[in-house]
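The values are calculated or read from the model by the stated rules, or taken from the named source; none is laboratory data. This structure is a prediction, so every number in the text was calculated from the model and none was measured. Using ideal geometry, Cβ is built from the backbone for each residue, glycine included, and neighbour counts are taken over all protein chains shown.
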Amino acid sequence: MATSSRPFSIKRMPGFSLLALTCFFALYMPLAPLVVYSFNAGDNIALWEGLSLRWYVSAWENDLVQSAAIRSVVVAVIASVVATSLATMAALGTTRTRPYRGQTSIYAMVNQPLMVPEIVTAVALLIFFALIKESTGYHGYAYLISAHTAFCIPFAYLPIRARLEGMDRVLETAAADLYATPWRSFTRVTLPLLLPGILAGAMLAFVISLDDVVITEFVKSAGQDTLPTYMLGQLRRTITPEINAISTVLLGVSVVMVTIIFFLSRKKA
């Protein structure tokens, strides 16, 4: 009598649990001192002098931190909205059509920023925008927003495309059989089913834009510091536990957003 075999699972491999715990320890243990010392009452970042929220209050009342944080959020919101809109159209164009010539090339081009080192993208954007600045004389925030948008598109594209590929097309076919126009079928059937993927892509793009340092450092003009580049500048001057407090807040925001993305993206049985 033939015995039924269980499907292969990496979790049942010998040593998987130990290896997973080791990886988590190596990834997250360095963050523990950062979080702990953000509550340090003293001025020394390596000498514990008591528990206090002093540096959180100091960061909250710092005008430079406030302006950099507001600038970061505004840029991240605009970039994530534009990137998600473009990523949604790209995902529909590569999944909800018949196979066509060059489809794989388009998929590779959309995901190109993920493959190329970020420093290369930053240098390319710096040269490109420098030419535009020289010819137009414009030095506003459009360059920073455009750079963040371009870099965030693949991060928004992947969860949206994954959601589309996991959706059953029966309902869309049924809507077409009931004489629904392509637009009505999209707004009444496809879009509501796709919404969790769109929200996940938007939040992922927001987090990526909010935390970006390299591209921002190369593209920004004078007086356009975001919160990460402000922190980088402070680290070059004087290191205080205020930086630990700001980093802890950014870490908390990222953890919350990634957790929400996980629950939005996971498939229900």
Would you confirm whether any residue within the range 159-176 is of a type outside the set (Val, Ile, Thr) and closer than 16 Å to Val81 by Cα? yes
Any residue at all in the range 85-96 that's over 19 Å from Leu204 (Cβ atoms), in a helix (DSSP H, G or I) and of a type outside the set (Asp, Glu)? yes
Could you identify the single residue in Val65, Val110 that is of a type in the set (Val, Ile, Thr), touching a helix residue (DSSP H, G or I) at 6+ places or on another chain (Cβ under 6 Å) and under 16 Å from Ala150 (Cβ atoms)? Val110
In the range 214-269, the residues that are touching a Gly at 6+ places or on another chain (Cβ under 9 Å), crowded, with 18+ Cβ neighbours inside 10 Å and over 21 Å from Ala156 (Cα atoms): Asp225, Pro241
Yes/no for Val170 being among the β-branched types (Val, Ile, Thr), modelled with pLDDT under 90 and out of contact with any helix residue (DSSP H, G or I) (no Cβ under 6 Å at 6 or more places or on another chain): yes
So for the range 150-168 (the condition being basic (Lys, Arg), in contact (Cβ under 8 Å) with a residue 24 or more places away in the chain and in a helix (DSSP H, G or I)), does at least one residue qualify? yes
When only residues in the range 128-149 that are crowded, with 20+ Cβ neighbours inside 10 Å and over 12 Å from Thr216 (Cβ atoms) count, which is nearest to the chain's Cα centre (by Cα)? Thr149
Looking only at residues in the range 53-72 that are β-branched (Val, Ile, Thr) and surrounded by fewer than 16 Cβ atoms within 10 Å (Cβ to Cβ), which one is nearest to Thr248 (Cα to Cα)? Val57
Selection count, the range 179-196, where residues are hydroxyl-bearing (Ser, Thr, Tyr) and either in contact (Cβ under 8 Å) with a residue 24 or more places away in the chain or in contact with a Gly (Cβ under 7 Å, 6 or more places away or on another chain) (or both): 1
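Here is a yes/no grid of residues against (1) in a helix (DSSP H, G or I); (2) within 25 Å of Ser185 (Cβ to Cβ); (3) of a type outside the set (Gly, Ala, Ser):
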{"residue": "Arg98", "(1), (2), (3)": "no, yes, yes"}
{"residue": "Ser105", "(1), (2), (3)": "yes, no, no"}
{"residue": "Val123", "(1), (2), (3)": "yes, no, yes"}
{"residue": "Ile127", "(1), (2), (3)": "yes, no, yes"}
Selected residue [in a helix (DSSP H, G or I) and under 19 Å from the mean Cα position of the chain (by Cα)] from Gly233, Gly252: Gly252
Unique match (being among the aliphatic types (A, V, I, L, M) and out of contact with any Pro (no Cβ under 9 Å at 6 or more places or on another chain)) among Val253, Val213: Val253
Matching option when the condition is within 28 Å of Leu126 (Cα to Cα) and at pLDDT below 85, among Arg266, Arg236, Arg188: Arg236
When you scan the range 82-91, do you find a residue that is free of Cβ contacts under 8 Å to residues at least 60 places away in the same chain, loosely packed, with under 13 Cβ neighbours inside 10 Å and out of contact with any Pro (no Cβ under 6 Å at 6 or more places or on another chain), even just one? yes
Closer than 26 Å to Ile261 by Cβ, buried (at least 20 other Cβ atoms within 10 Å of the Cβ) and either small (Gly, Ala, Ser) or more than 16 Å from the chain's Cα centre (by Cα) (or both): which single residue out of Arg96, Arg163 fits that description? Arg163
Count of the range 118-127 residues which are within 24 Å of the chain's Cα centre (by Cα) and over 17 Å from Ile153 (Cβ atoms): 3
